[in-house]
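What follows is a single structure, written as structure tokens, with notes after it.
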Amino acid sequence: MMKKIITLFVAAMVAVNLLNAQTIADGIRNINYKKNKTAIDILKKLYDANSKDPQTIYWYGQALLAGTGDATPQQLSAAKTVYQKALNDGINDPLIWVGMGHVELLQGGDQNSAKQKFEQAITATKTKKGENPDILNAIGRANADGGSVNGDPLYGIEKLKRAAELNKTNPDIYNNMGICYRKLGSENGGEAVKSFLEALARDPKNVFAFYQIGQIYLSQNNKDAFESSFNSAIAADPTFPLAYFSFFRYYAERDVNKAKEYLDNFLKYADKDPVNDLYYAEYLFRAGKYSESLAKAKEIEAAVGVNTIPHLNILYAYDYDRLGDSVQAKSYAEKYFANTPVNTITPADYDLAVKVYTKFIGNEKEALDLLEKAIASDSSKADKLAYANQAAFICGKGKLYADQLKWYQKIVELKGSTSETDYYNLARAAFNAKDYTQTIVISKNYITAFPDKPQGYDFNVRAAKGIDTASAIDPILQQNEFFMKDTVKNRKSIFNNYYFLLVYYGEKLKDNAKALEICDKMLTLYPNPGEENDFILKTKDVLQKAMNPPPAKGDKHPHDHPHDRPQN
């Protein structure tokens, strides 16, 4: 009987141990769920138990990298240490070479050096059947990770396509391929969606693929499509935190109460981590509870320190800005941008910094430098345009018109086309910068593109006058041709232009005959008695007498220039 009890006890303990045993697959799942703390805990235990296994070493390093492109310098260093230790210990495995190349890419190292490691790994694992698809997939993953300046997504796609040919079941190959396409820019969103759909064809409940498709539609503001994708992810696994988080982010500025519901679910299923507590402090800010948000942020800082969570600084900046303390807001914004990886900074963060910096005279350059970095790091064309427009506005406010012109030119470059508003902004900035030659070039293009709009003619005339009187003659004649399309509406403007020509021919060139021609044209505008008509007739009389002076000896004509024009 005792022997039977002991046998049952041993069997139960074995069952419990099997139930509690966690695998590399569990670690990978938590990496994909962005439960990095849990992933590190799982893979660290496996690593400590078997630090010689290349698969364990590789995925432990991936967990340290956070697996989402937002690894801190400390995480990068930790992952590199793990991979380097393996190599030093004689575990010269191709998968570790790929891990080292991955870290090198994220650290901004030489891409060719990383690719050399990747190609060596491919060559070392190649068999008669072809390349090793796991190695190809790891290479694709490395090039998918990080911001737009890290890795070579086209190279990654090439390797992943080959991996997909060799391995017909692994959905992660297509997930990594989809991320590479996303990294290439929004114009490749269709190819990215196709890749994630291929992942779902291999695994219909692949929550990461649903989530990534949702992220693409979210970037396009396609509400029905992204809601469907995120809800599909939740249906496939209600514990998947990232879908709840994306909903929270979407509703944070639209419906704070709805955002709170999604935040509660995110916090329920995400890692218990002070980093995630930060989102609750952010919710308090969104709810207008600035003092409570500030208190929560200070509580988080007391627990883990601000260096652990650089985003605390920007939350401080947000709260202090709303509480009216611009000095503190600027101080924390500066700390945030000095200590935060560029690829984790959001457009809203840049908006706040620009708002805060420009409250202080002389900080325009600091704000413009930030916007330059924002454009360089952001792959979204819409965001780039928003940053460039902000920069142009700042330059205008600070009367930095030459810089403003450069930003408006950047906007046109980003758009790939020039609207009427663009032409107007370009011409105005060039004119305000007193770059009259450039203003004329822009104005002529403006007139060619939009011949029925008056502003191009106006800037052309004003810029020409800025150079000299003679330069303005042809632009004025061209403008009058435009004005003549509606003489009733434009009569005073035409008259003023004729007056300029009258003074030019009559006073500057002493060409009274030409001046008389101008007077006759002016009379067609004001043929009836009145102030303008009276002015023209008197001026004609002066000009005619100047051309035919009386014969009396020593008699001088009382006038040697046209009468002052009437005030319009």
- Message: Condition first: within 30 Å of Ala463 (Cβ to Cβ), crowded, with 16+ Cβ neighbours inside 10 Å, touching a helix residue (DSSP H, G or I) at 6+ places or on another chain (Cβ under 6 Å) and of a type outside the set (Val, Ile, Thr). Can you find one or more residues in the stretch 343-351 that meet it?
- Response: no
- Message: Which residue is farthest from Ile31 (Cα to Cα), if the candidates are limited to the stretch 85-116 and must be within 26 Å of the chain's Cα centre (by Cα), surrounded by 15 or more Cβ atoms within 10 Å (Cβ to Cβ) and not aliphatic (A, V, I, L, M)?
- Response: Gln111
- Query: Of all residues in the stretch 225-256, which are over 27 Å from the mean Cα position of the chain (by Cα) and closer than 20 Å to Asn276 by Cβ?
  - Reply: Ala233, Ile234, Asp237, Pro238, Thr239, Phe240
- Query: Looking at (1) assigned to a loop (DSSP other than H, G, I, E, B); (2) at pLDDT 90 or above; (3) not aromatic (Phe, Trp, Tyr), can you tell me which one Lys465 breaks?
  - Reply: (1)
- When restricted to Asn432, Asn460, Asn425, Asn445, the only residue over 23 Å from the mean Cα position of the chain (by Cα) and either surrounded by 21 or more Cβ atoms within 10 Å (Cβ to Cβ) or at pLDDT below 95 (or both) is Asn460
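Matching residues to (1) in a helix (DSSP H, G or I); (2) touching a helix residue (DSSP H, G or I) at 6+ places or on another chain (Cβ under 8 Å); (3) surrounded by 21 or more Cβ atoms within 10 Å (Cβ to Cβ):
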position	(1), (2), (3)
Asn30	yes, yes, yes
Ile42	yes, yes, yes
Lys45	yes, no, no
Asp48	yes, no, no
Ala63	yes, yes, yes
Tyr83	yes, yes, yes
Ile122	yes, yes, no
- Message: Could you go through the stretch 60-81 and let me know if any residue there is of a type in the set (D, E, K, R), over 28 Å from Gln212 (Cβ atoms) and free of Cβ contacts under 8 Å to residues at least 60 places away in the same chain.
- Response: no
- Asn17 fails exactly one of (1) at pLDDT below 95; (2) assigned to a helix (DSSP H, G or I); (3) surrounded by 10 or more Cβ atoms within 10 Å (Cβ to Cβ), namely (3)
- Do we have Phe226 as at pLDDT 95 or above, farther than 22 Å from Asp383 by Cα and out of contact with any strand residue (DSSP E or B) (no Cβ under 6 Å at 6 or more places or on another chain) here? no
- Determine whether Ala71 is under 15 Å from Ile31 (Cα atoms), buried (at least 16 other Cβ atoms within 10 Å of the Cβ) and at pLDDT below 95. yes
- Output the helices (runs of 4 or more DSSP H) that fall wholly within the stretch 364-430 and possess 2 or more residues being without any contact (Cβ under 8 Å) to a residue 40 or more places away in the chain, touching a Leu at 6+ places or on another chain (Cβ under 7 Å) and within 21 Å of Tyr350 (Cβ to Cβ), or say none. 381-397, 401-415
- Item | Filter result (closer than 27 Å to Lys183 by Cα and loosely packed, with under 15 Cβ neighbours inside 10 Å) within the stretch 352-371 | Asp369
- Message: Can you say whether Ala63 is among the small types (Gly, Ala, Ser) and at pLDDT below 90, as far as the supplied structure shows?
- Response: no
- Message: Filter the stretch 185-208 down to the residues that are closer than 21 Å to Glu158 by Cβ and either among the basic types (Lys, Arg) or buried (at least 18 other Cβ atoms within 10 Å of the Cβ) (or both) and list them by number.
- Response: Asn188, Gly189, Ala192, Val193, Lys194, Ser195, Phe196, Ala199, Arg202
- Task: Determine the pairs where a residue that is touching a residue at least 40 places away in the same chain (Cβ under 8 Å) and at negative phi, located within the stretch 115-137, has a partner that is surrounded by fewer than 20 Cβ atoms within 10 Å (Cβ to Cβ) and of a type in the set (S, T, N, Q) with Cβ atoms under 7 Å apart, the partner being 6 or more residues away or on another chain.
- Result: Pro133/Asn167; Ile135/Thr125
- Test result for Ala163, buried (at least 19 other Cβ atoms within 10 Å of the Cβ), in contact with a Gly (Cβ under 7 Å, 6 or more places away or on another chain) and within 18 Å of Ser232 (Cβ to Cβ): no
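The values are calculated or read from the model by the stated rules, or taken from the named source; none is laboratory data. What you see is a predicted model, and the numbers here were worked out from it, not measured in a lab. FYI the Cβ positions are ideal-geometry reconstructions off the backbone, even for glycines, and counts take in every protein chain you see.
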